[in-house]
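Please read the structure below before turning to the comments.
The values are calculated or read from the model by the stated rules, or taken from the named source; none is laboratory data. All values reported here derive from a predicted model rather than from experimental measurement. Ideal geometry is used to build each Cβ from the backbone, glycine not excepted, and the neighbour counts take in all protein chains shown.
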Ligand SMILES: Cc1cc2nc3c(=O)[nH]c(=O)nc-3n(C[C@H](O)[C@H](O)[C@H](O)COP(=O)(O)OP(=O)(O)OC[C@H]3O[C@@H](n4cnc5c(N)ncnc54)[C@H](O)[C@@H]3O)c2cc1C
């Protein structure tokens, strides 16, 4: 077993996803505590230029293959498994994302390594991993008995800035025999265009069931416009077809990290909290003083949102 910490790089259309930088930042801390090496595992075809964005890593292992040009769970899994088998790292960090979960399971099975999913915390030395189960209702700490395990990290668990370092890490090219593939890439289906990307907004005015009717949405939209932000929502609002799925925050929606998250009439279910708890400033407005959202809000207003919105809009 080596003293390497592996981070599997997630990228799409030339952009490295934030989750990769989060894991690189955390991986650097763990590698530092153990006198180990942080290794970014980059897969693709003709994407070696991305190595310059992985400066937090001591080394990049790059696998270039035509079957890795587009994401394919089978070829990606085979490539990561082979690189892991050849290097025997102490720990493999993979995003707890749609792509990462495909890969993590296969790497764990192929290499007979324990797999700890839903990681929301890792101790500085990597010895204890906190897994957030049942949509965040229960946290379990694992201390693996021996080195050599796979950990999938929930996006938003660690600061991305710590791993967002440009540089020129050493690049080692690895060739892997991908072999026959039963799964073929057909097409990338992009989300419907034309809507605001709530993950890039600095200010979000988010509405929940407390808004009561779609006829009341313009009130919140007007407030969002005055604040220079956009409107987002909890799942029941999307289920009722009052707003598009692209506006949903949470476990089955999008993870957001705005500077301000103003939650209006949202109770704070774990599935919602999972998507917004990393916001810099959370202000919650709810008539129920015991609403769980107040456990996460930096400021809480116990008030009817229909009184709050006009009062704040008036001030603005
Ligand atoms: C697998 C799974 C995935 C899920 N994914 C998501 C997800 O991605 N995102 C998500 O949001 N949910 C998700 N959910 C649903 C989640 O469990 C909750 O049901 C949902 O978040 C509740 O939405 P809410 O807070 O708007 O509604 P409620 O829980 O009904 O809360 C409404 C709140 O509004 C307050 N209120 C009512 N009237 C007013 C008023 N006039 N002024 C001020 N406050 C008022 C009430 O006190 C209450 O706290 C998921 C559930 C499951 C099982």
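Only a single criterion out of (1) outside any loop (DSSP other than H, G, I, E, B); (2) in contact (Cβ under 8 Å) with a residue 40 or more places away in the chain is not satisfied by residue 139, namely (2).
Condition (residue is within 12 Å of the ligand (Cβ to nearest atom), more than 23 Å from residue 95 (Cα to Cα), in a helix (DSSP H, G or I) and touching a helix residue (DSSP H, G or I) at 6+ places or on another chain (Cβ under 7 Å)) applied to the range 238-256: is it met by at least one residue?
Here is the first cut: in the range 238-256, the ones within 12 Å of the ligand (Cβ to nearest atom) are 238-240, 242-243, 245, 247-256.
Those still in the list that are more than 23 Å from residue 95 (Cα to Cα) too: 238-240, 242-243.
Okay, now just the ones that are also in a helix (DSSP H, G or I), so 238-239.
Subset that is touching a helix residue (DSSP H, G or I) at 6+ places or on another chain (Cβ under 7 Å): 238.
Yes, the range 238-256 has at least one match.
Which residues, taken from the range 274-290, are near the ligand (Cβ under 10 Å from one of its atoms) and surrounded by fewer than 21 Cβ atoms within 10 Å (Cβ to Cβ)? Of everything in the range 274-290, those that are near the ligand (Cβ under 10 Å from one of its atoms) and surrounded by fewer than 21 Cβ atoms within 10 Å (Cβ to Cβ) turn out to be 287, 288, 289, 290. If you take the residues in the range 260-273 that are assigned to a helix (DSSP H, G or I) and surrounded by fewer than 24 Cβ atoms within 10 Å (Cβ to Cβ), which one is farthest from the ligand (Cβ to nearest atom)? It comes out as 273. Just checking, does the range 251-259 include any residue being more than 16 Å from residue 18 (Cβ to Cβ), modelled with pLDDT of 95 or more and surrounded by 20 or more Cβ atoms within 10 Å (Cβ to Cβ)? No, the range 251-259 contains no residue that is more than 16 Å from residue 18 (Cβ to Cβ), modelled with pLDDT of 95 or more and surrounded by 20 or more Cβ atoms within 10 Å (Cβ to Cβ). Applying the selection to the range 200-237, what residues are surrounded by fewer than 20 Cβ atoms within 10 Å (Cβ to Cβ), more than 13 Å from the ligand (Cβ to nearest atom) and part of a loop (DSSP other than H, G, I, E, B)? Selection gives 202, 228.
Of everything in the range 294-309 that's without any contact (Cβ under 8 Å) to a residue 40 or more places away in the chain and assigned to a helix (DSSP H, G or I), which residue is surrounded by the most Cβ atoms within 10 Å (Cβ to Cβ)? Please lay out each step first, then the result.
Taking the range 294-309 and keeping what is without any contact (Cβ under 8 Å) to a residue 40 or more places away in the chain, we get 294-304, 307.
Next, from what is left, pick out any that are assigned to a helix (DSSP H, G or I): 294-295, 307.
Numbers: 294: 19, 295: 11, 307: 12.
Filtering first and then ranking leaves 294.
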